[in-house]
Amino acid sequence: MHLCTTAALIFSLTFPLLAAEGSEAKWKEYRNARFGFVLTYPPNLIGTREPENGGGREFHSGDGDFSVAASAHFLMRDDGDSLERRWQDELKSLGDTITYKKKSATWYVVSGVSKEGTEYYHKLYLKDSNWAAFQITYPHAKNARYEPWVARIAKSFVPFLEGDFDRL
C-alpha cells in the first residue's frame, strides 16, 4: 500500500473518533424558549425531555459519566430567595469538597470534588427577578478528558438573551 494511501486511511479512521468525543465536531446548542438562555454542548450527549414548565434540560454521555443540566426560573424573593442565600446554601451543602469558588454581584461559581470522587461545576447567574444556571458532573478520574468540555460550556453559556422572555 502506498504511504499516502496508508496515511489517508489512518486519518479517516482516527478523525471520526476524535469528532465523536466532541473535541472536533460541531457542538450543539440548546436554546431555552421560556427563560432565554443558551447552552452549548458536545454533539455526542443525549438530552432528556424538557419539562412541561420549560425550565431547562439535562444532557448525558452515553455511558452516564458526563452530565450537564441547565435551568432557569424566578427568584422567590417573598421567601427570602436571593443570590446571597443561594451562594451560602451551595457553600454549606458542598462543604469541604470545594476547590474553587468565586462570587460577583450577579453570578457565582463553585467547583470541586465530592468525597465519592465526582467532579462538579455549578454556576448561577442573576438578572432582575430571574436566575439561570448550569451544573456539570463527571468522575474526577476522567478530569483530563472532560475539563476541556467544562471550559467550553462555561465560556459559551448565555444566561439571558435579549428579548421578551418570562420575567416577573
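Quick notes on this one:
- Which listed residue is assigned to a loop (DSSP other than H, G, I, E, B), under 14 Å from the mean Cα position of the chain (by Cα) and either closer than 29 Å to Ser104 by Cβ or of a type outside the set (Ser, Thr, Tyr) (or both), from Pro51, Pro43: Pro43
- Against the test of being in a helix (DSSP H, G or I), of a type in the set (Gly, Ala, Ser) and modelled with pLDDT under 95, the options Gly95, Gly22 yield a single qualifying residue, Gly95.
- Residue tally, condition open to solvent by 50 Å² or more (accessible area, probe 1.4 Å) and either out of contact with any Gly (no Cβ under 8 Å at 6 or more places or on another chain) or not small (Gly, Ala, Ser) (or both), over the stretch 138-157: 9
- Checking Asp128 against (1) touching a residue at least 40 places away in the same chain (Cβ under 8 Å); (2) surrounded by 14 or more Cβ atoms within 10 Å (Cβ to Cβ), the condition it does not meet: (2)
- For the stretch 32-58, the set of residues classified as in contact (Cβ under 8 Å) with a residue 24 or more places away in the chain, under 27 Å from Pro148 (Cβ atoms) and among the charged types (D, E, K, R) consists of Arg57 only.
- Qualifying residue in the stretch 128-138 (condition: farther than 24 Å from Asn53 by Cβ and either in a loop (DSSP other than H, G, I, E, B) or modelled with pLDDT of 95 or more (or both)): yes
- Yes/no for Ala105 being more than 23 Å from Glu29 (Cα to Cα) and either within 16 Å of the chain's Cα centre (by Cα) or of a type in the set (A, V, I, L, M, F, W, C) (or both): yes
- Count of the stretch 75-89 residues which are assigned to a loop (DSSP other than H, G, I, E, B) and farther than 11 Å from Trp131 by Cβ: 1
- All positions within the stretch 65-99 that are within 16 Å of the chain's Cα centre (by Cα) and either open to solvent by 90 Å² or more (accessible area, probe 1.4 Å) or among the aliphatic types (A, V, I, L, M) (or both): Val68, Ala69, Ala70, Ala72
- Restricting the first member to the stretch 101-119 and to residues that are touching a residue at least 12 places away in the same chain (Cβ under 8 Å), and the second to residues that are charged (D, E, K, R) and exposed (fewer than 15 other Cβ atoms within 10 Å of the Cβ), the beta-carbon pairs closer than 6 Å and six or more apart or on different chains are Val109/Lys102.
The values are calculated or read from the model by the stated rules, or taken from the named source; none is laboratory data. What you are looking at is a predicted structure, and each value in this text was computed from that prediction instead of being measured. Please note: Cβ atoms are built from the backbone with ideal geometry, for glycine as well, and neighbour counts cover all protein chains shown. Just the protein is used for accessible areas: all its heavy atoms, side chains included, with ligands, DNA and RNA removed. Shrake-Rupley method; radii C 1.70, N 1.55, O 1.52, S 1.80 Å.
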